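See below for the structure under consideration.
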Amino acid sequence: MLKPAHIPVLLSEVVEGLAVKLGGRYIDCTVGSGGHAAAILEQSSPGGQLLGIDADPSAIELAKTRLEAYSNSTLLINDNFVNLRDICTRFGFSPVHGILFDLGLSSIQLNGDGRGFSFQHDAPLDMRLNPDQKLTASDIVNTYSERKLADIIETYGEEKRSRQIARFIIRERPIETTFHLARIVEQAIKSPRGKIHPATKTFQAIRIAVNHDMENLEAVLKQAVDLLGSEGRLVVISYHSLEDRIVKQFMQRESKDCICPPSTPICTCSHTRSLKLVARKVIKPSPEEVLFNPRSRSAKLRVAERITVPAESYAMVENLNSLPRMDTQGWRRSALVHRLRRTFMALQSECF
Ligand SMILES: C[S@@+](CC[C@H](N)C(=O)[O-])C[C@H]1O[C@@H](n2cnc3c(N)ncnc32)[C@H](O)[C@@H]1O
């Protein structure tokens, strides 16, 4: 049977978000079957370079075929993006003009490639992106305590009936297939089917737990910013609220000079912003795109740009910090320094 291909989501918005330029260097951290990567290479050629990463070895094989025409300017690495910094150091691939994350799974993985990602296809409970990883969905479903299972389903699936589902799972163990698990969740929930299948949230939760999706995303965003050159773009597409929250909060935090709690009268965090939000609002697919590719319906794209602070500005702040301790119109020295530093940063970002 012909396997359905993956249609890249928000394709033109990604190319625009990355501000792809001729001869630019880009990293696609979730290269999948190479849909976005092909568009990036097309726009950046001649001279463009792309490093494509995917944790799933079969995705890398698909990308290799798709990007064959650009084999001289493409480097494809089968690894987890959590190792982004190390990968770039190993291959000397930095600084770059743009980094893309198109999170989650491809249609090929979801449409039943035998690894049990979907409740719509019967398969063993595996759900590993990387087949060399030890932990499988079966381990979680069949060995975790009721409490731990319920916590996973609640936290990563945002499922209100997590305790009930976990109780049913424990009672029915061992559970070895996706159809079996989906049936148990349906029985546990009992309510009539709504817009989404009752097992959707439970499957999402177990997949996230198997692949440590949230921890990996939390860990990689800062690495990505550090690899961007001045005005380099960070583009992230997420497909559920947990991922989007991490991305949104990260971008907001990194676009502020002070991240002290609002109740703190004087800044003590010494945080300086590294990003500028390109689009304040999240970008979503058009109704036409959703009609053409229903999988895109939950996509949310966020874009930020790297700002770099010239060495002389740091020197200026350092000089201010070395001022003798004094009171100026009731202001403490640190408050004065902080205010000056903020003004300076604001002026400086205007110049970019
Ligand atoms: C939505 S698909 C990307 C599709 C791709 N943009 C395209 O146009 O073909 C997401 C891909 O990210 C990969 N992935 C998910 N988490 C990953 C991680 N932590 N490290 C590396 N790859 C990951 C999946 O294996 C999958 O191939």
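Where a number appears in this text, it was derived from the coordinates with a stated rule and is not lab data. Fair warning: this is a prediction, and the values are worked out from it, not measured in the lab. We place every Cβ from the backbone using ideal geometry, glycine too, and count neighbours over all the protein chains shown.
If the segment from Ser71 to Glu172 were pulled out straight at 0.36 nm per residue, it would be longer than the present Cα-Cα gap by 31.4 nm.
Sparsely packed loop sites in the stretch 276-310 (the trypsin sites (Lys or Arg not before Pro) outside DSSP H, G, I, E and B with at most 12 other Cβ atoms within 10 Å) comprise Arg280, Lys281.
Scalar couplings 3J(HN,Hα) for the stretch 254-263, obtained by applying the Karplus form with A = 6.51, B = -1.76, C = 1.60 to θ = phi - 60°, are 6, 9, 10, 7, 10, 10, 5, x, x, 6 Hz; x denotes Gly and Pro. Length, then width, then depth: along the principal axes, the Cα atoms of the stretch 114-210 run 38, 27, 22 Å. Only helices enter this figure: runs of n ≥ 4 DSSP H residues, each worth -39500 (n - 2.57), summed and divided by the residues of the chain, yield -13500 deg cm²/dmol at 222 nm to the nearest 500.
Sequentially through the stretch 109-126, phi angles give Karplus couplings (6.51, -1.76, 1.60; θ = phi - 60°) of 5, 6, 7, x, 9, x, 9, x, 6, 10, 7, 8, 10, 7, 7, x, 6, 10 Hz, Gly and Pro residues having no value and appearing as x.
Summarising the amide proton neighbourhood of Leu76: residues at separation of 5 or more, or on other chains, whose placed amide H is nearer than 5 Å comprise Gly52. Taken about its Cα centre, the chain carries a charge dipole of roughly 1240 debye when the Cβ of each Lys and Arg holds +1 and the Cβ of each Asp and Glu holds -1. If you model the chain as an ellipsoid using its alpha carbon gyration tensor, with each semi-axis the square root of five times an eigenvalue, the axes come out at 41, 28, 17 Å, biggest first. Multiplying the residue separation of Arg85 and Ile196 by 0.36 nm and subtracting their alpha-carbon distance yields 36.2 nm. Note: the stretch 3-101, Cα convex hull, 90 Å³ per residue. What the phi angles of the stretch 167-176 give under the Karplus curve with 6.51, -1.76 and 1.60, with θ = phi - 60°, is a coupling list of 4, 5, 4, 4, 5, 9, 4, x, 10, 10 Hz, glycine and proline written as x. Other residues with beta-carbon under 12 Å from the beta-carbon of Asp132 carry, at +1 per Lys or Arg and -1 per Asp or Glu, a net charge of 0.
Loop-located trypsin sites (Lys or Arg not before Pro) across the stretch 173-207 with a Cβ neighbour count of 13 or fewer within 10 Å are Lys190, Arg193, Lys195, with loop assigned by DSSP. Of Ile53, Ile307, Ile206, Ile7, the sequence from fewest to most neighbouring Cβ atoms within 10 angstrom is Ile7, Ile307, Ile53, Ile206. For the chain, the longest principal axis of the alpha carbon atoms and the long axis of helix 200-211 meet at an angle near 60°.
For Gly232, the residues 5 or more places off, or on other chains, whose built amide H falls under 5 Å of its own are Arg306.
The distance from the alpha carbon centre of the stretch 75-149 to that of the stretch 55-71 is 16 Å, rounded to a whole number. Taking the chain as the reference, fit the longest principal axis to its C-alpha atoms, fit the long axis of helix 333-350 to the helix C-alpha atoms, and give the angle between the two in degrees, 0 to 90, nearest 10. Taking Cα atoms only, the helix is inclined about 70 degrees.
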